[in-house]
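The values are calculated or read from the model by the stated rules, or taken from the named source; none is laboratory data. Note that the structure is a prediction, hence the values are computed from the model and not measured. Note: ideal-geometry Cβ built from the backbone for every residue, glycine included; neighbour counts use all protein chains shown. Ligands, DNA and RNA are stripped out before the accessible areas are found, and what is left, the full protein with its side chains, is counted by its heavy atoms. Shrake-Rupley method; radii C 1.70, N 1.55, O 1.52, S 1.80 Å.
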Amino acid sequence: VVVELQALGVPALAVKSDITLAADRQRLIADTLARFGAIHGWINNAGSAAPNDVGPLDSIDEGQWDRVVDLNLKAAFFAAQAAARAMVGGGSIVNISSRSASYPNPGTGHYGAAKAALENLTRTMAAEWGHRGIRVNAVAPGVVMTDELAKTLNTPFHFLFF
C-alpha cells in the first residue's frame, strides 16, 4: 500500500507494530514524527474478540479478559494519549468502537465492556483536549463479516446479534 500511495505522490509510511506493547506504540509515534514531522490525525482501529477469547461471562478467565481489554481499551487509550501529546496546533483522533458498546452480545461481554469504556474515554478526551484543538470522536460500526468473525461465529458458543 505504501508503494502504491507513493506512486501517486502521497507520502506514506508503514510501521509494523503490536499496539498492545508500549515500546511499539512509542516507536510508531517516533517513526511517524521522524518521517512527517507532526501528527495531525490518529485512528485507533485495532480491536478484536478472537475466537479463543470468547464465551459466556462465567467461563472467561483472567487471561482472556486481559487480552480483550488490553487491545480494545488500554492500547487505544495509550496510543491516543501518545498521539495527542505529539499533536501541535490541533488534530483529530478517531476511536473505533462497536455496536457492542451499547447492545450486549452474549459471549463477548468483556469486549462490549471495553468498547463502552472506550466511548466514555472518547468523550473525556474530547473534553480535556478540545481546548488544544484536538477533536476526538468514536465511530461504532455494526457487524462486519470478516474471516476472524466467521471463525468466532463457528465456535461452540452461539452469538445473538440484535
Practice item. Filter segment 86-111 down to residues that are under 17 Å from residue 144 (Cα atoms) and assigned to a helix (DSSP H, G or I), then give me how many there are. Key: 4
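Does residue 120 fit the bill of being in contact (Cβ under 8 Å) with a residue 24 or more places away in the chain, within 21 Å of residue 138 (Cα to Cα) and assigned to a helix (DSSP H, G or I)? First the steps, then the outcome.
Numbers: in contact (Cβ under 8 Å) with a residue 24 or more places away in the chain: no; within 21 Å of residue 138 (Cα to Cα): yes; assigned to a helix (DSSP H, G or I): yes.
No: the conditions fail for residue 120.
So that you can scan it fast, the table gives a plain yes or no per residue for (1) open to solvent by 20 Å² or more (accessible area, probe 1.4 Å); (2) under 13 Å from the mean Cα position of the chain (by Cα); (3) among the β-branched types (Val, Ile, Thr):
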site	(1), (2), (3)
65	yes, no, no
97	no, yes, no
102	yes, no, no
116	yes, yes, no
123	yes, no, no
**Study point:** Enumeration of residues in segment 27-59 that are touching a helix residue (DSSP H, G or I) at 6+ places or on another chain (Cβ under 7 Å), open to solvent by less than 50 Å² (accessible area, probe 1.4 Å) and assigned to a helix (DSSP H, G or I)
**Key:** 29, 51, 53
Review point. Does segment 1-26 hold any residues that are closer than 12 Å to residue 79 by Cα and either open to solvent by 90 Å² or more (accessible area, probe 1.4 Å) or among the aliphatic types (A, V, I, L, M) (or both), and which are they?
Key: 19, 21, 22, 23, 26
**Study point:** Cβ-Cβ under 9 Å pairs, at least 6 apart or on other chains, segment 14-25 side closer than 14 Å to residue 70 by Cβ and assigned to a helix (DSSP H, G or I), far side among the small types (Gly, Ala, Ser) and open to solvent by less than 70 Å² (accessible area, probe 1.4 Å)
**Key:** 24/17; 25/17; 25/75; 25/79; 25/82
Exercise for review: Give 107, 112, 133 a once-over and let me know the one that is at pLDDT below 90 and open to solvent by less than 50 Å² (accessible area, probe 1.4 Å).
Suggested key: 107
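Evaluate the following for residue 64: is it within 27 Å of residue 128 (Cα to Cα) and assigned to a helix (DSSP H, G or I)? Step through it out loud before you land on a result.
Working: within 27 Å of residue 128 (Cα to Cα): no; assigned to a helix (DSSP H, G or I): yes.
No: the conditions fail for residue 64.
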Exercise for review: Among the residues of segment 1-13, count how many are assigned to a helix (DSSP H, G or I) and touching a Leu at 6+ places or on another chain (Cβ under 8 Å).
Suggested key: 1
Check your understanding: Of all residues in segment 136-146 being open to solvent by 40 Å² or more (accessible area, probe 1.4 Å) and aliphatic (A, V, I, L, M), which is farthest from residue 83 (Cα to Cα)?
Key -> 145
Study note, to complete from the structure: All conditions in (1) over 18 Å from the mean Cα position of the chain (by Cα); (2) open to solvent by 60 Å² or more (accessible area, probe 1.4 Å); (3) small (Gly, Ala, Ser) are true of residue 90 except (2)
Check your understanding: Going through segment 74-98 one residue at a time, which ones are within 20 Å of residue 60 (Cβ to Cβ) and of a type outside the set (Gly, Ala, Ser)?
Key -> 74
